[in-house]
Amino acid sequence: MRNLKLLKSLRSSELRGPGSPQFLSVRADTGSLLVVSQYAVTEYDPRTGQAVSEASLTAEGFLPEDGGGVVVGLQDLAELESACLATAGGDVVLFNLNTCQLECVGSVDSGLTSMSWSPDEELVILTTGQETIIMMTKEFEPITEVGIHQDDFGEGKFITVGWGKKETQFHGSEGKQAAVQPAAGWDDRRPRVTWRGDGQLFAVSAVCPQTGARKVRVWNREGVLQATSEPVDGLEEPLSWKLVLQCVAVNSLLNRVDAPSAVQLWTVGNHHWYLKQSLDFGGDRQAAPVCVCWDPERPLRLHLARRDWTCITHDWGWTTERSPGQDAADNANVAVIDGDKILVTTFRQGVVPPPMCSFELQLKSPVNQVTFLCRPQGTNQLAAFTADGRISVYRQSGTCFLCCSCLRSEIEVDGVVVSVVHCSQTGTVALQLEDGQIRRVLWDCPDPSVEVWRDSTGCNINFPVPCVQTSLCSVGGEEYLLGLTDRSHLYAGDTELASSVSSFAVCNDFLLITTHSHTCRCLQLSALSVKGLQAALASDGGQNDETQRRVERGSRIVTAVPGDTRVILQMPRGNLETVNHRALLLAQLRKWLDSLKFREAFECMRKLRINLNLIYDHNPKVFLENIETFITQMNSIDHINLFLTELKEEDTTCSMYPRPEGSPIQLQPVSGQKKVDVVCDALRSTMETMDPNKFCLSILTAHVKKTEPELEVALQKVHELRAPGAVSAEEALKFLLFLVNVNDLYEHSLGTYDFDLVLMVAEKSQKDPKEYLPFLNMLKSLEPNYQRFTIDKHLKRYRKALLHLSKCGPEHFPEALRLVREQKLYSEALRLFAANDAQYKALSCAYAEHLVEQQQAEQAGLLLWRCGEFVGALQAFAGSSSWRNAICVAQQIPLPPDQLALLARDLAGNQKLTEQRRYSEAALLLDQYAKDCEEAILALITGAVWEEALRLVSEQDITETNLKPALFDAVSSHTVFLEAQVATFARHRARLAVVREQKEKARLDMLDEDGPDCPDAELYSEASSVMTGSKYSHSNSRISSRSSKNRRKAERKKLSLKEGSPMEERALMYALGEIVTTVDKMRVHNLLKALVLFQLDRQAEKLQQTFEEALQTTEAALPEVWPDGIQNNNAPLTGPNSTANSITASFQQQQQKPAASQQGPVFNHHLKAPVCNV
């Protein structure tokens, strides 16, 4: 639905020559024109009006001097820097454009009738006076010569399947003679040759000698006939190949009358030929064009040469003429020129596929230009410029257009104007000149004038290159002129916004564009600056980017309906498609929701499949404050139910429909509550207030759609439906069955204990009465509490079942106890019985048994102790090593002294106290309750509790037999352990120095070999992955799922002290850290005091010295083992010399640093010897 618009027209009348032009060609490299007449060939530059070169054809004898010669073909050959021309006398001549020399490269005695070069200029076809075809190479070497008229159809001959011959078929009312009428009398009977765009086939149109009518034959590059056309009535000489549809387009007219000279430009779409431009030259024979050709470089540049040697160049551009309105008063009109008719389609009312239309305006002469009025409230008026120079204005009145007036107006502009655009909102008029300059027209002045277009800073703004389509818009509050070039570049003034743009349109506050990557982008202009617009068009967009959508290949924008969400696209084949762009759609929905037009928004969202959660998510506070307005506007139970059923917890403004940048974030009005529950409760309460009978089904839906469906409440409301005018209970129940599974509804109805409701639900379900009637009859025969217990147990509501069963009397307690054991409802059961009841005691004992099974014996003992089961409590406390509670219970029983002493001895020695290394507590039991002081002292000696052992020794002297030997053993074990740790520390320290020396040497060697810029040198730096604790990359789901303790254990397993292992340095550092930590944690202070007390000075001195040497050795090695670069590095390691592994390991080390004191050795200790000098 595009029209051809004249962008620029260049007329040059300086060239004069003998005779009149016969052929016209364009040099692709220079743009100059090659004109040949019956006397000479001339190269002419229309921009300067000067002849570049010229050669006489009569002087060389190629044409007669009397002016009767005829040139049958002219072709520019860029590779040869020559022009090739053929004369009717049979000569083929090369005109050298550099030397202006003529050279005859061949001659045909019978003469030539036409010449045609292939698109790649590799082959030339000549038709001779003997009606033959000569095919030659570009070096003019003959390839083949065949006759034009062939009896054979060609290689593409159809296969006959026995359905009769063509001659026996029906030929219409005119009979068989209609197919063999000869060519018209004005036909020049000369052959015409045309090539397919890829140069693989060419077609020849010639008059058949037998029938006198023209036939078209198709040949390949080898000169082999491929196909022959059927006889066509009225076939004329013009011939051209259309590559897009791969068919031959010919001019077929039944009648031809003499008419004033004119050039017409036609285009085809949807199998309909449109006359887009008509250039009328009047009856002046000298002004009539004699040569017409298209520019080989500019597809829409047309060159004409008149008989008086005047050359005219027209530049055309495709444009879509759409009404520029911005509100609902505009009908979204699009006007299409079709000869002397204007086809107007109003897309607001509907989409009419071309070539049909909504209105058809018939004018008296062909239309060359059409445009719409830019005045607000008048955008449905259009003006048409016809071939006779008149401008007619039409306005729409109802269902027709009326001619208002014919006018002519002008204003002087310094330059050639190629486009005019007007903004109806601001009243700005902008002009574009042929070189891309932009001018502003001042119409509101007494004397209209034109000034240079300037931006807000006062700088002149011009397009870098001329644009074929322009439009005014406001970007970020500043007015810009947008322009699209024929090379698909989109500009905002002198700033390029995007490339690969096939079409664009401005609709309200949005810029719509289609691209050659088959996308349609829609951007809000007021929210973006020019740079932001550039960035947005350059980005590919995310998954939920509302500004972009895919479209069919080759789609172009026809128009966008103002105040609506529809965008009309036209496909390459001509058909129309309507899309609702997500950005336009969401912007319109947000506008409706902000103005509380819930019904319009709902209808649009339902039609275009937009999630209805957006109605609430757009502004939750406003929605909840205007729920009554929402319900009133909906005024439909079905619509409200549809809204409720689509509710979900997801915030669609954060996922499906992100808010535009800069828009405020709307917070949930009720914190801590779920969105679905908030909306359902608010709607339900409002509907109950307005009209509970009318909105009965919606109220039920609100109960059912909550996150925890209130089916019992909904069923109870169904059961209570008795009001006149309300929905019947049967209808409401059917509705509930539509929302909820029938089995779930039956179970919940059973949970209401209302058998009438249960029967009503069961009857509406598809259940067999034999399935539920016996069960219901059995329930009716039971006592009420036991009946409810049976129902709750059937529904697996065990807590409710236990509550009802507890009210059934003591005779049902065994069943209650069994239920408690099966479902582990001990805590709930204890709350249902008094503490002094026998049932409470039985439940406590059962609970205690369960706790013992769960390895919670101490809690079981407390429970038994509370209910008076002292023996069971004593056993539970004894099993859990809770000796204090066990002694208390034993004293309450009370146990005899001998049994109490046996219990104490058992708790101290045979149970877990000594196994748990709780020697002080074991000694207390043995001393105070078992009355065995010697065993208590032995327990203290075993636990190295020297001070407490000395306290008890004063009462009984066993120093020589037990205490001193234990002191000697402790000194010996401590000394041996410390010496072993020091030796191991020294060995690891020496090996660490060797490893680091080897690594440094390897790093220096690599630097010497590859230079300081070696990319691998950083692997050997102090910040390498090995030094910073980097780990080999691995993927182990088992390790990742372990606890932190097990993960640390798995990491330690990777550290190998084997010489040469990849992580040997880390393993050595870890081992040294373990030794430092172990030595630091040793406690020898009490042992030294005990040695001094018993005058064992030599042993004390040796232990003191050994311990001090160990501390000094480890403390002295700290700076060497953990240098400052590692020990004091508190920041993550980054920088140009870091590796990916080193940076990752450094950040992991920082994250694990708070737990370092618990999970590994501490490297920066402040170690001191114990304060004990001998």
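Ranked from the most accessible area to the least, with a 1.4 Å probe and all protein chains present, what is the order of E131, E360, E121?
Ranked from most to least accessible, the order is E360, E131, E121.
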### Message
Starting from the 7 Å offset along Cα-to-Cβ, what nm value, one decimal, do you get for the label separation of S365 and L782?
### Response
10.1 nm
### Query
Can you work out the FRET efficiency for the pair W273 and R189, with r the C-beta to C-beta distance and R0 = 22 Å, to the nearest 0.05?
0.25
### Query
Tell me, what is the per residue accessible area of the stretch 597-756 in Å², probe radius 1.4 Å?
48 Å²
### Task
Report, in whole Å, the centroid distance computed from the Cα atoms of the stretch 581-633 and the stretch 783-851.
53 Å
### Task
Give the Cα extents of the stretch 27-102 along the principal axes, in whole Å, largest first.
32, 25, 20
### Query
On average, how much accessible surface per residue is there in the stretch 70-140, in Å², for a 1.4 Å probe, leaving out ligands, DNA and RNA?
37 Å²
### Message
Past 24 Å, Cα to Cα: identify those pairs from K705/K793; K706/K780; K964/K1102, in the order given.
### Response
K705/K793; K706/K780
### Message
Please compute the per residue accessible area over the stretch 284-334 with all protein chains in place, 1.4 Å probe, rounded to a whole number of Å².
### Response
37 Å²
### Query
Ignoring ligands and nucleic acids, what accessible area does R375 show with a 1.4 Å probe (Å², nearest 10)?
140 Å²
### Query
Going 7 Å from the Cα of F738 toward and past its Cβ, which residues in the stretch 680-714 have a backbone nitrogen under 11 Å from where you end up?
697-698
## Note on the structure
Once phi for every residue in the stretch 431-440 is put through the Karplus expression 6.51 cos²θ - 1.76 cosθ + 1.60 (θ = phi - 60°), the whole-Hz ³J(HN,Hα) values, with Gly and Pro written as x, are 10, 10, 8, 5, 9, x, 5, 10, 10, 10
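Give the carbon-plus-sulfur fraction of the accessible surface of the stretch 511-637 in %, rounded to a whole number; probe 1.4 Å, heavy atoms of protein chains only.
Answer for the stretch 511-637 is 45 percent, counting heavy atoms of protein chains only.
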### Query
For the pair V232 and Q892, how long in nm is the line joining their label points, each one 7 Å along Cα→Cβ?
11.6 nm
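Counting only protein heavy atoms, what percent of the accessible surface of the stretch 702-754 is carbon or sulfur at a 1.4 Å probe?
Using a 1.4 Å probe with all protein chains present, the stretch 702-754 comes out at 51 percent carbon and sulfur.
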### Query
R0 = 41 Å: FRET efficiency of C459 with W266, Cβ-based, nearest 0.05?
0.40
### Task
Summarise the accessible area of the stretch 1-146 (1.4 Å probe, protein heavy atoms) by the percent that is carbon and sulfur.
44 percent
### Query
Given R₀ = 22 Å, FRET efficiency for S499-S529 by Cβ-Cβ distance, to 0.05?
0.65
### Query
Over the heavy atoms of V452, what accessible area does a 1.4 Å probe trace out, to the nearest 10 Å²?
40 Å²
### Gain upon complete extension [Q823, D540; 0.36 nm per residue less C-alpha separation]
96.1 nm
#### Entry: Cα-projected label distance for K1089 with F755, points at 7 Å along beta-carbon direction, nm
8.3 nm
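The values are calculated or read from the model by the stated rules, or taken from the named source; none is laboratory data. Being a predicted model, the structure only gives us computed values, none of them experimental. Note that each Cβ is placed from the backbone with ideal geometry, even for glycine, and that neighbours are counted across all protein chains shown. To get the accessible areas, we keep the full protein, side chains included, count just its heavy atoms, and leave off ligands, DNA and RNA. Shrake-Rupley method; radii C 1.70, N 1.55, O 1.52, S 1.80 Å.
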